[in-house]
Amino acid sequence: MNSTFKDIFYHLDDQLTNTADDLSDQSKKQLFNQVKFYIFIQEFLEKITPLLEEEEEIKGYLPFSPGPNSSIGNVGFMGMAYARTEEARNYVKTFNDVRGNRLMIFTDKRMIFMTIVEFLEDQTYYSYPYEAIESIRIKQHTVSYFDWEKRFAPKRVKIHWYTFDFQSGTNIFTETLDEKDYQLLMEKIKTIEPLQKILITDKVQRSSTFDYLFSNINLQLKLFIAVLILAGLLLLIIGWILPLLSFASAPIFESSQHFARLLLHSVTII
């Protein structure tokens, strides 16, 4: 269901830039092969319209879901939520999702981010005006593995994923992107004029030291790895090195005790 959610908004985003190619019956059949998806999305878009300021125009959509994007806080125990309103319950039933599906809306003035179920429940969303963003961090990461489909000639495969991070005023946004999301984001940066003026970097930038330390996932990951290494070294010392030193020093200690007894016996005889 999450892939359906993303596919719908990928197509809606494409329609914004290809207005001549209106939503055909064939497109509807492919993307909205179940009527409930189409009905929900149309009703959802109607709820977004009142969020826009006068003459503000939507320029694109970037959908997020667990798997291709971040899952922390969106699945499992952290992703639990209770759908109270009828609209939220219908959404959960339709997409089999609670807090997993999120959406970034690009307008000509700002970015609007929301978790779908939270927006349906309480109209909760976050606004990031372009003028308040000094820089955007987009960093490529690479993971490689061996594809053993051909047993005697494994092929090394590389997968790229990206970090999308920025601060707008006091609000901080961080997300992970797959290749398709990255290409879509770069398209928005190139075509939306206010975004073109924002510095694109691979470094994390924050307005304060506190924000840099406590909202910097890259730094937190490095610190976590360092703590794991230190913990491993500590366990190695306690579990192996100290016992080996104790074992090595035991014969010396016993010889010293034997020498002391002999010395005491000699002194007694004299």
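Of all residues in region 79-107, those satisfying the criterion of being at pLDDT below 75 and touching a helix residue (DSSP H, G or I) at 6+ places or on another chain (Cβ under 7 Å) are A81, A83, R84, V98, R99.
Yes/no per residue for (1) modelled with pLDDT under 80; (2) exposed (fewer than 12 other Cβ atoms within 10 Å of the Cβ); (3) out of contact with any Phe, Trp or Tyr (no Cβ under 8 Å at 6 or more places or on another chain); (4) part of a helix (DSSP H, G or I):
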{"site": "K28", "(1), (2), (3), (4)": "yes, no, no, yes"}
{"site": "K47", "(1), (2), (3), (4)": "no, no, no, yes"}
{"site": "K59", "(1), (2), (3), (4)": "no, no, no, no"}
{"site": "S71", "(1), (2), (3), (4)": "yes, no, yes, no"}
{"site": "N74", "(1), (2), (3), (4)": "yes, no, yes, no"}
{"site": "F77", "(1), (2), (3), (4)": "yes, yes, yes, yes"}
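With respect to E43, determine if the residue is modelled with pLDDT of 85 or more, farther than 21 Å from Y128 by Cα and out of contact with any strand residue (DSSP E or B) (no Cβ under 8 Å at 6 or more places or on another chain). Here the answer is yes, as E43 does meet what is asked.
Within region 88-124, how many residues turn out to be under 25 Å from D14 (Cβ atoms) and within 18 Å of the chain's Cα centre (by Cα)? Looking only at that region, the number is 13.
The values are calculated or read from the model by the stated rules, or taken from the named source; none is laboratory data. Note that the structure is predicted; figures quoted are calculated from it, not measured. Note that we place each Cβ from the backbone using ideal geometry, even for glycine, and neighbour counts take in every protein chain shown.
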